[in-house]
1. Using a 10 Å cut-off on Cβ to Cβ distances, tally the other chain neighbours for every residue of B:12-20 and report the average as a whole number.
2. Per residue of A:29-41, how many C-beta atoms from partner chains lie within 10 Å of its own C-beta, taken as a mean?
3. Over 31 Å apart: what share of the alpha carbon pairs of the protein assembly as shown falls there, rounded to a whole percent?
4. Cα centroid distance between segment B:183-233 and segment B:22-48, in Å?
5. Lysines within cross-link reach of B:Lys183: Cα-Cα under 17 Å, excluding same-chain residues under 8 positions apart?
6. With θ set to phi - 60° and the Karplus curve 6.51 cos²θ - 1.76 cosθ + 1.60, what are the ³J(HN,Hα) couplings of segment B:50-61 in order, to the nearest whole Hz, using x for Gly and Pro?
7. Cross-link candidates for A:Lys104: which lysines have Cα within less than 26 Å, leaving aside residues fewer than 8 places away along the same chain?
8. Leaving out same-chain residues fewer than 8 places away, which aspartates and glutamates sit with a Cα under 18 Å from that of B:Lys272?
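The values are calculated or read from the model by the stated rules, or taken from the named source; none is laboratory data. From a predicted model like this one, the values you see are computed outputs, not experimental measurements. So basically every Cβ, Gly included, is an ideal-geometry build from the backbone, and we count neighbours across all protein chains shown. Heads up: the accessible areas ignore ligands, DNA and RNA and are worked out on the full protein's heavy atoms, side chains in. Shrake-Rupley method; radii C 1.70, N 1.55, O 1.52, S 1.80 Å.
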Amino acid sequence: MTIWAKWTDQKTEEIIGNLLRAGVLLAAMVVSAGAILYLVRHGEAPADYRIFRGEPTDLRHVRGILKNTREGHARGIIQLGVLLLIATPVVRVAFSVFAFALEKDRMYVIFTLIVLSVLMYSLLGA
Amino acid sequence: MSVLVFTLLVAAGSLVAGFLGALTGLGGGVVLVPLLAILFKVDIRYAIGASLVAVIATSSGAAAAYVKEGFTNIRVGMFLEIATTLGALSGAFLATRIPAPALAIVFGLVLLYSAYLSSRTRPLPPANEEPDPLATRLKLNGSFPTPNGVRHYFVRRVPAGFGLMFGAGTLSGLLGIGSGAVKVLAMDQAMRIPFKVSTTTSNFMIGVTAAASAGVYLRRGYIDPGLAMPVMLGVLAGSLLGTRVLVKAQTRSLRLVFAVVIAILGVEMIYKGLSGKI
């Protein structure tokens, strides 16, 4: 219990820093892997983003993206990297709930939980 | 244009945007959307989706370094993120209802305002005032390291800062930008937080704010992997490079040049929006 007893803001800052760095690095690696596959397979195809069509439903939610990734679709793998990137700040906020709880700062646990629920609502929908 | 050529050109453009954004402290997001929409003829909704992804990447990457330096005020950040994430969510829902030309006009106005802000010199930091009871209750007052020892500061005008932050979040969700300029304005001007603390805390908040609207964009099909990929990787590489040379570079004149570029892009976006060419 001594580690928990001596919990400080500084320790929180250090862990948050590492967490953010790891998340961005992981996301960039997954996106790069998807990019190589995508360019090898579709590099010759014409690129056109003039008209907005919206992405296929499979690339719009977590389950569809995971399915696409398992099947080895390049665009699905890139989208998985994007999802990891969006998840990085969410994980940071989730960790903050835990850190404020260790500091027994009830007010900030509540503030952080509010932010976390807004993020979850945005990502997973109502 | 083939996918390969398009990807390489967009990556190169994003690299320059990220580099200049980091060097001038204005962020790359603000020039990304006009770059994609005007130069690459990308639909503004795809452009905003891709820019949002890049904003999360650069903000999280930079925040990782700043947080450890001890300037970031995590409590101020967490408290104000309630306002920015709620704002971002409303901005993202608003974006799905506003027609593309109107989005372009709003974007142009924000660009002009950012150009004005960055060309203006900052007023001197105010003298230390009395602690504010609300800020004290919310435990927002903080300190940061200086060469002459730790400096303490008191946060002021919390409701005004909170309101401005909601606005910053809405703009971020509506336009896919970090809106760091408005965030710094709220903290540095309204809440009287020291400049270095304001900028690093603003950067800390940008990733969470952008994530709040990115979820909505993803579910609405606004984030295209083929476009988000070169934008994200390019901006990330550019901003990492920018922060490396930041220490040596003379940024005053560069900021001015960048401000002029932003202003021109702003006028262009408003023109395109008014003439319905976007």
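1. So the per-residue partner count for this stretch is 0.
2. Across the residues of A:29-41, the mean count of other-chain Cβ atoms within 10 Å is 3.
3. So the pairs more than 31 Å apart make up 33 percent of the total in the protein assembly as shown.
4. First find each Cα centre; the distance between them is then 14 Å.
5. Cα-Cα hits under 17 Å: B:Lys196.
6. Taking θ as phi minus 60°, the curve returns 5, 5, 4, 4, 5, 4, 4, 4, 5, 5, 5, x Hz for segment B:50-61.
7. By straight Cα distance, A:Lys104 reaches A:Lys6, A:Lys11, B:Lys68, B:Lys139.
8. Output for B:Lys272: B:Asp43.
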